[in-house]
1. Can you give the alpha-carbon Rg of the chain over 2.2 N^0.38 Å, where N counts its residues?
2. Add +1 for every Lys or Arg and -1 for every Asp or Glu among the other residues with Cβ under 12 Å from the Cβ of Glu37, and state the total.
3. In the neighborhood of Val244, defined by Cβ-to-Cβ distances under 12 Å, what is the net charge if each Lys or Arg adds +1 and each Asp or Glu adds -1?
4. Gap in Å between the Cα centre of region 227-284 and the Cα centre of region 87-102?
5. Express in whole angstrom the spacing between the alpha-carbon centres of region 301-334 and region 29-66.
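FYI, it's all coordinate maths here, none of it is from the lab. Quantities reported herein were computed from a predicted structural model and do not represent experimental measurements. FYI the Cβ positions are ideal-geometry reconstructions off the backbone, even for glycines, and counts take in every protein chain you see.
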Amino acid sequence: MTMLEKAVAALPIKGYLNMEIPKGINLVEEINKMRKEKNAIILAHYYQTGDIQDIADFLGDSLQLARAAEKTNADLIVFCGVHFMAETAKILNPTKKVVLPDLLAGCSLADSASGEGIREMKKKYPNAIVVSYINCDSTVKAESDIIVTSSNAEHIINSLPENQEIIFAPDKNLGRYINQVTGRNMILWDGACIVHEAFSLERIAQQMLEHPKAKLIAHPEAQKPVLQVAHYIGSTANLLNYVVNDSSQEFIVATEEGILHEMRKRAPHKTLIPALTIDDKCNCSECHFMKLNTMEKLYLCMKYEQPEILMEEEIRLKALKPINRMLEMSKAIK
Ligand code: 13P
Ligand code: SF4
């Protein structure tokens, strides 16, 4: 059983997701009403479905969402993203109630590491500090010295002493990329994102031939061969900014498809082509964890204020330190 499955099994309210939604109800109106009545804030990641992105008070990548969660005055934080992101919001804002529309919205990267595993690794490399990508659960954060996101990882690693030994967890693709751009030799945990590892270099090369003017842009969670041919590599927010600001008119986008919703809004005249994956049946680069959240579940979750993100205070306090360190060290990053 993963940590997340254990948390779901321990849920006080079982089957709330099957609760009936009254017929003929206007979900957008009801959600807006509850948002006011409950002084709630809806935070959404760019990988959520378009309707959830549109109703959110704040839309962002994981760094922007962590910052928004830290400074909100709302009583109820409704986190439309995956579990580790909602957990980060709770760690930063313990007096607020944090709810996630579907508690099973996990992450393959976060599932690949545990606090216990990190402790074992630290025994093997006693002089190393642990830098963890924010895509990890609270037990991993609690064992880490600094947290990073894809938006600030390069900046933070560059600001550490050159001879500092570093264990980087859990994403080996992001870790390898950061090693390459910073000239470091971090020890990499063997985790990966199932969505970003699914891109097919062969099929992307074909897309590039068919669209010779298009620029390939990729998230650093993608594998090395894809990153090697990319014109630009960046976090979700940076990919969005690149599409808006670059003079090219066509882009092949190698990251989760949800970001195309905001890219289309901000750059309506540009052509955006989702990069193809190895699965030639669905061609999908959707994160099925992210897409577990729906408008119906968002409505139910706001109505019943469940499922709630809870964690032991001891773990929360330990996990808070490396997150605060990240926020402090990345003030210069937008
Ligand atoms: P960002 O840090 O770019 O938001 O990425 C989060 C994520 O889960 C990427 O798969
Ligand atoms: Fe995790 Fe990958 Fe989904 Fe991001 S896209 S939440 S890294 S599984």
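1. Values: Rg = 19.7 Å, N = 334, 2.2 N^0.38 = 20.0 Å.
Relative to the rule-of-thumb radius for its length, the chain sits at 0.98.
2. Working: positive: Lys33, Arg35, Lys36, Lys38, Lys303; negative: Glu30, Asp75, Glu305.
Taking every Cβ under 12 Å from that of Glu37, the sum is +2.
3. Working: positive: Arg264, Lys265, Arg266, Lys270; negative: Asp246, Glu262.
Here the charged neighbours net out to +2.
4. 30
5. For region 301-334 versus region 29-66, the Cα centre distance is 17 Å.
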